[in-house]
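Down below is the structure, laid out as structure tokens.
The values are calculated or read from the model by the stated rules, or taken from the named source; none is laboratory data. The model shown is predicted, which means the values in this text are computed figures rather than measured ones. Note: ideal-geometry Cβ built from the backbone for every residue, glycine included; neighbour counts use all protein chains shown. These accessible areas exclude ligands, DNA and RNA; they are computed on the full protein's heavy atoms, side chains included. Shrake-Rupley method; radii C 1.70, N 1.55, O 1.52, S 1.80 Å.
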2 protein chains.
Amino acid sequence: MTIKAQFDHSNCADCPIRHRAVCARCDADELEALDAIKYYRSFEAGQTIIWSGDQMNFVGSVVSGIASLTQTMEDGRTQMVGLLLPSDFVGRPGRDVAPYDVQATTDVVMCCFRKKPFEELMDETPHIAHRLLQMTLDELDAAREWMLVLGRKTAREKIASLISIIARRDASIGQKGLSGQIVFDLPLTREAMADYLGLTLETVSRQISALKKDGLILLEGKRHVTIPDLGRLMEEAGDDSDGGFLV
Amino acid sequence: MTIKAQFDHSNCADCPIRHRAVCARCDADELEALDAIKYYRSFEAGQTIIWSGDQMNFVGSVVSGIASLTQTMEDGRTQMVGLLLPSDFVGRPGRDVAPYDVQATTDVVMCCFRKKPFEELMDETPHIAHRLLQMTLDELDAAREWMLVLGRKTAREKIASLISIIARRDASIGQKGLSGQIVFDLPLTREAMADYLGLTLETVSRQISALKKDGLILLEGKRHVTIPDLGRLMEEAGDDSDGGFLV
DNA sequence: GTTTCCACTTGATCTCCGTCAAAGCACCTA
DNA sequence: TAGGTGCTTTGACGGAGATCAAGTGGAAAC
């Protein structure tokens, strides 16, 4: 598995997280140009940010919280097709209509750019287009890896995959417990996990209980997780134990 | 569903199919520059074009035949994550290692560009980067739609989805029978279909037989398919009957 | 002609996961 | 304290699809 690149902002005194998505080099002029067309929007947990089929007049990135991309069938079956974590980008320069719902899974703050000016800026600034291409290719790889999870893994492996992915993503910005333990809170309800994994929430609950019984994870309450040995969990996920990805 | 954009080459006297992938406007200078760094490679059905983890020193597009992108787990389970049809692009400017196997499903001819020169050309030619970004976004959408198929559809719906997708993709360049009938040959073995759909080949065979029994498709031999009513087949696939995608 | 091979079909059985149903638990309001 | 609400857990059961195992048919090889 490939781990999504973390951008090095250590040299960027004036590079707020809200521009990480489009700014890898933190060019001052670009930041200024981006600042000129940006605005913020907040959403409550559960709120739909964009409906599938809607006109999309902005692009943007997640500043805080978690948003999800969801496909829906006519009869109501749904499949989550992506998770957007802070610094992830939403939107399609060059296309007007949203291909899936975007929902706020937790409370979300987004930094938006009006689409027209953003596209113009992209035309003038090859660096932004390149940056966007790299990000899109990363997401494509991640989507394809997720296809393996959806198509071929058992329920137990799916849960183990999801938990270890969240753990690694979280751990890279969060706290690491002593002796390699990883401690974090699941940011998703059982139902959201089921939507992401192509399972039912009952199966998710059962498999989490099973992993807990087998000592692969420890649970305090329903959300607070400790992973004593990430390697073992990843074996359980059927992964060759290196790297990882999300979205 | 969104249909992958077909490029209009009606005005392009000198635009061979081999450049459709990177050339939307058919700029003469760009074509010349691309011509200078291109070469052709042929592969036999079943051959592996690129192994996961290999160094990739070229990018390119499929000229004829069908290639597939495949993920493999340690224990041998596999999941096809994309089909490459003529004019589709392979490769990752900016990344060296292939994230999955690329295999020739039928005999394949590819038009390749050495990666280094191609990347340099991309730097000088914003148009190519834009074009590539659009293509990658299209593929991302397609991958995400396929996640819905893998995660939530029944075996019967999966088969109906795959057949109607191939039919539409084929029909757009192939022959249309009278009275809206679509006639074509399945370019995939039952096993390859199973790999793409997250099923076993036995289930694929059974579901194809079932669709045939129900009159949704007609079969002559094992591969030659007639679809009397595409709308009905797409309903069976659980699709809101518009558009379609592939790869 | 017949043998071999390979893709495919069909059948019998098993099992994992979905479905339906009930109950537990934390948190909020009154 | 009681009741409500939302999220979660657990149990019982059934079915869609996997697995194992023959068998078919058509084309190439001998």
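Worth pointing out:
- Long-range Cα-Cα pairs in the range B:35-109 (distance over 21 Å), rounded percent: 22
- Label point distance in nm, A:Val109-B:Lys116, each placed 7 Å from Cα along Cα→Cβ: 4.7
- A:Thr105 accessible area, assembled protein chains, probe 1.4 Å, Å²: 40
- Cα convex hull of the range B:17-149 - mean projected area over all directions, nm²: 8.1
- Taking the chain by itself as reference, the range B:87-118 contains these residues with an accessible-area loss of 10 Å² or more in the full protein complex (1.4 Å probe, heavy atoms): B:Arg92, B:Pro93, B:Gly94, B:Arg95, B:Pro99, B:Tyr100.
- For the range B:121-135, backbone phi angles converted through the Karplus equation (6.51, -1.76, 1.60; θ = phi - 60°) give residue-by-residue couplings of 4, 5, 5, 7, 10, x, 4, 5, 4, 4, 4, 5, 4, 4, 5 Hz, Gly and Pro being listed as x.
- Translational diffusion coefficient (Stokes-Einstein; Kirkwood radius from C-alpha pairs) of the range B:153-236 at 4 °C, 1.567 mPa s, in µm²/s: 102
- When Rg and the Kirkwood radius Rh are both evaluated on Cα atoms of the range A:110-166, their ratio Rg/Rh stands at 1.22.
- For the pair B and A, the buried accessible area comes to roughly 4600 Å² in total, with a 1.4 Å probe and the value rounded to the nearest 100.
- Taking amide H positions as modeled 1.01 Å from N, with prolines and chain starts lacking one, the residues under 5 Å from A:Thr105 and 5 or more places away or on another chain are A:Gly46, A:Ile66, A:Ala67, A:Ser68.
- Using every pair of separate Cα atoms, the Kirkwood estimate puts the hydrodynamic radius of the range B:91-224 at 17.7 angstrom.
- Pairs exceeding a 18 Å alpha-carbon distance, out of A:Lys153/B:Lys212; A:Lys212/B:Lys153; B:Lys153/B:Lys213; A:Lys38/A:Lys115; A:Lys222/B:Lys153; B:Lys38/B:Lys115: A:Lys153/B:Lys212; A:Lys212/B:Lys153; B:Lys153/B:Lys213; A:Lys222/B:Lys153.
- Label points for B:Arg206 are taken 7 Å from Cα along Cα→Cβ. From this copy to the others they lie 2.0 nm apart, shortest first.
- Computed from backbone phi with θ = phi - 60° and the Karplus coefficients 6.51, -1.76 and 1.60, the 3J(HN,Hα) list for the range B:54-59 is 5, 5, 10, 9, 8, 10 Hz; x is used for glycine and proline.
- Each residue of the range B:198-214 was assigned a 3J(HN,Hα) from its phi angle through the Karplus expression (A = 6.51, B = -1.76, C = 1.60, θ = phi - 60°), giving x, 10, 9, 5, 4, 5, 4, 4, 4, 5, 5, 4, 5, 4, 5, 4, 7 Hz with x at Gly and Pro.
- Nm distances between copies for A:Asp185, ranked from closest, using label points 7 Å along Cα→Cβ: 6.0
- The convex hull built on the alpha-carbon positions of the range A:87-142 has an orientation-averaged projected area of 4.6 nm².
- Amide H contacts of A:Val63 (H built 1.01 Å from N, in plane; Pro and chain starts excluded): A:Ser87, A:Val109, A:Met110, A:Cys111 sit under 5 Å, all sequence-distant by 5 or more or on other chains.
- For A:Glu74, the point set 7 Å out from Cα toward Cβ sits 4.4 nm from its twins in the other copies, listed from shortest up.
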